[in-house]
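Below is one structure; the comments refer to it alone.
The values are calculated or read from the model by the stated rules, or taken from the named source; none is laboratory data. In this text, all values refer to a predicted model and were calculated from it rather than measured experimentally. FYI the Cβ positions are ideal-geometry reconstructions off the backbone, even for glycines, and counts take in every protein chain you see. Surface areas here come from the heavy atoms of the whole protein model, side chains and all, with no ligands, DNA or RNA. Shrake-Rupley method; radii C 1.70, N 1.55, O 1.52, S 1.80 Å.
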Amino acid sequence: MEGGDENQENRAEVQTGCAGVIPGLPNTELKKLLSFKVYKRRWFVLLVLCLLNCSNATLWLSFAPVADQSARYLQVGLEQVNWLSIIYMIVAIPLSFATSWMLDVLGLRITLILGAWLNMFGALVRFLGTGIDTDPAARFPLVMFGQTLAAIAQPLVIFTPAKMAALWFPDNQRATANTIASMANPLGMLLASILSPWMTQTTGDIPDLLLAYAVPACIICFLATVGLRSSSPPTPPSASAESSGSEPFVQGIKLLLENRAYLVLMLCFGSGIAAFTCFSTLLEQILCVQGYSNEFAGLCGALFIVFGIVGAGALGLIVDKTKKFIEATKINLSLSAVACIAFSVVSLMPQQKVAVAVVCSLFGFFGFSIYPVVMELAVECTYPVGEATSSGLIFVSGQVQSFLYIVLLQALSKRLADSPLSTCGDAVLSWKVPMLVLGGLTCVFSCVFVLFFNTRYRRLEAEEQATYRTNTISSSTPESTPSEGKDTTD
């Protein structure tokens, strides 16, 4: 990482030398070299990314809330319906590296437009595959093909917030922009959890449901294709944006694997992502053992997401003002571990709806909210490695650990011979040991992060150095005044 900082320093020195050694350098060129601007167009880029992220998440969870009706309409078992969601996790792992390369090499615009088209084609294939004239035996293969296309689009979308925030937003708005874009994904999950059961009263409503998800995907694809004119603004909003993704992709991977602070962050927060995935996937199965209804489990899942979005918004604003990425992450990760342990206990108790709902809300508020902050922290501790590469490896770590955690917890569960309170149906499993193991794992990794993670804010340091040199040059050239932070009308 020292080499990256040295490159930035040399680059700034070259700029300083240009002003001092080449006295004939036009003032207009020097002004362009030193100016940082923000464009109103950045809000449209953020809007398109949020809509695309939200749409892709709704396609992901379209079938999970109505698994029974979906299985009957597609004429398959529940296991096959579950694969419509699992395919997202499987596809994301191998494609993550390709997505990181695309963002850093091909740029934000191409990546987003490709993601929008894949998302739209996936939604349309799913709808057409459930048409009245479609052979019933072909319905599930066509829907799975459409779901796979949407799954391929997911990494193209979910890796983008940190890159978009770095390229289009100034340093005092980056964390907030990253938060808004990142939280569009759980918002889509929430919409799918509400819209799918509401629209699917009978098995025959499945085609109408998929049409309702396909129409927004088409509109968003049009907005992305027509509205996104460039990957970055003509003038960067900050010094770090000018060199975003400056390290070659392969070299960036090597630097990440040699960065001890980043490896700790990748391992510990990957474990956090796995805990959240297990919570979302197994919530209904855990609560039904103690007599809680599916409606109550859905309410707890909604509270988890809603309070996570609220917490992320508040934390993003605080971090933008204070720049205390490490402190915010350590505090919230520790509190989320406490909430996970509390859930492991109260979920085993019957007739404790208030306690379960409160714990789920706190788990989302402290745990879900740190996702965008961690993505920013990953960029800070690995700069000048590309944002997509640093955030992408954390996502891959989370996906791999999620798969391992789910397999482990399911292996530790035991079938109960008798459970008078159960609303689970025929198969009743004891989740006591798995939940205590999950709570223990979150506690261990939170302690590891608090004790062993520490890093410099490399991107902020580079920006401060660039600003200092800019002010020095500006003071010696009165006609070239930098316009840092100016919001243009474009």
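Considering only C-alpha atoms, what is the centroid distance from region 284-347 to region 134-204, in Å? Taking the Cα centre of each part, region 284-347 and region 134-204 sit 20 Å apart.
Label-to-label distance, ALA417 versus LEU47, with points set 7 angstrom from Cα along the beta-carbon direction: 6.4 nm.
How much net charge surrounds ASN332 when only the other residues with a Cβ under 15 Å from the Cβ of ASN332 are counted, with Lys and Arg +1 and Asp and Glu -1?
Working: positive: LYS324, LYS330; negative: GLU327, GLU376.
Within the 15 Å Cβ shell, the charges total 0.
Order of 279-286, 52-59 by packing, highest average Cβ count within 10 Å first?
52-59, 279-286
Protection proxy ranking, highest mean first, for peptides 101-110, 371-380: 371-380, 101-110, where packing is the per-residue count of other beta-carbon atoms within 10 Å, averaged. Radius of gyration over Kirkwood radius for region 87-126, both on Cα atoms: the Rg/Rh ratio is 1.02. Please compute the net charge surrounding LYS323, taking Lys and Arg as +1 and Asp and Glu as -1 over other residues with Cβ under 14 Å from its Cβ. Around LYS323, the charge tally is -2. Only protein atoms count toward the accessible area here, which uses a 1.4 Å probe; on region 305-349, the carbon and sulfur part of that area reaches 82 percent. Note that region 134-283 presents 35 Å² accessible area per residue, ligands and nucleic acids not counted, probe 1.4 Å. Taking one quarter of the surface of the convex hull spanned by the alpha-carbon atoms of region 199-345 gives a direction-averaged projected area of 14.1 nm².
Once the Cβ-Cβ distance of SER230 and MET199 is raised to the sixth power relative to R0 = 45 Å, the FRET efficiency obtained is 0.75. Sorting the segments 169-176, 354-361 by their mean number of nearby beta carbons within 10 angstrom, highest to lowest, gives 169-176, 354-361.
Within the set of other residues whose C-beta is less than 11 Å from the C-beta of PHE296, count the net charge using Lys and Arg as +1 and Asp and Glu as -1.
-1
For region 65-133, the mean projected area of the C-alpha convex hull, equal to one quarter of the hull surface, is 5.8 nm².
Give the calculated FRET efficiency between PHE452 and GLN410 to the nearest 0.05, with a Förster radius of 41 Å applied to their Cβ-Cβ distance. Present the calculation step by step, with values, prior to reporting the outcome.
Values: r = 30 Å, r/R0 = 0.74.
E(calc), rounded to 0.05, equals 0.85.
Could you tell me whether region 318-419 comes out rounded, prolate or oblate from its Cα gyration tensor? Rule is a ≥ b ≥ c as square roots of the eigenvalues, rounded for a/c under 1.5, then prolate if a/b exceeds b/c, otherwise oblate. Since a/c reaches 1.5 but b/c is at least a/b, the shape of region 318-419 is classed as oblate. Toward the positive end of the charge dipole of region 332-441, with +1 on the Cβ of Lys and Arg and -1 on the Cβ of Asp and Glu, the farthest Cα among PHE368, VAL407, ALA378 is that of VAL407.
Kindly state, to the nearest 0.05, the FRET efficiency for ASP208 paired with GLN465, given R0 = 60 Å and r defined as their beta-carbon distance.
According to the calculation, E is roughly 0.55.
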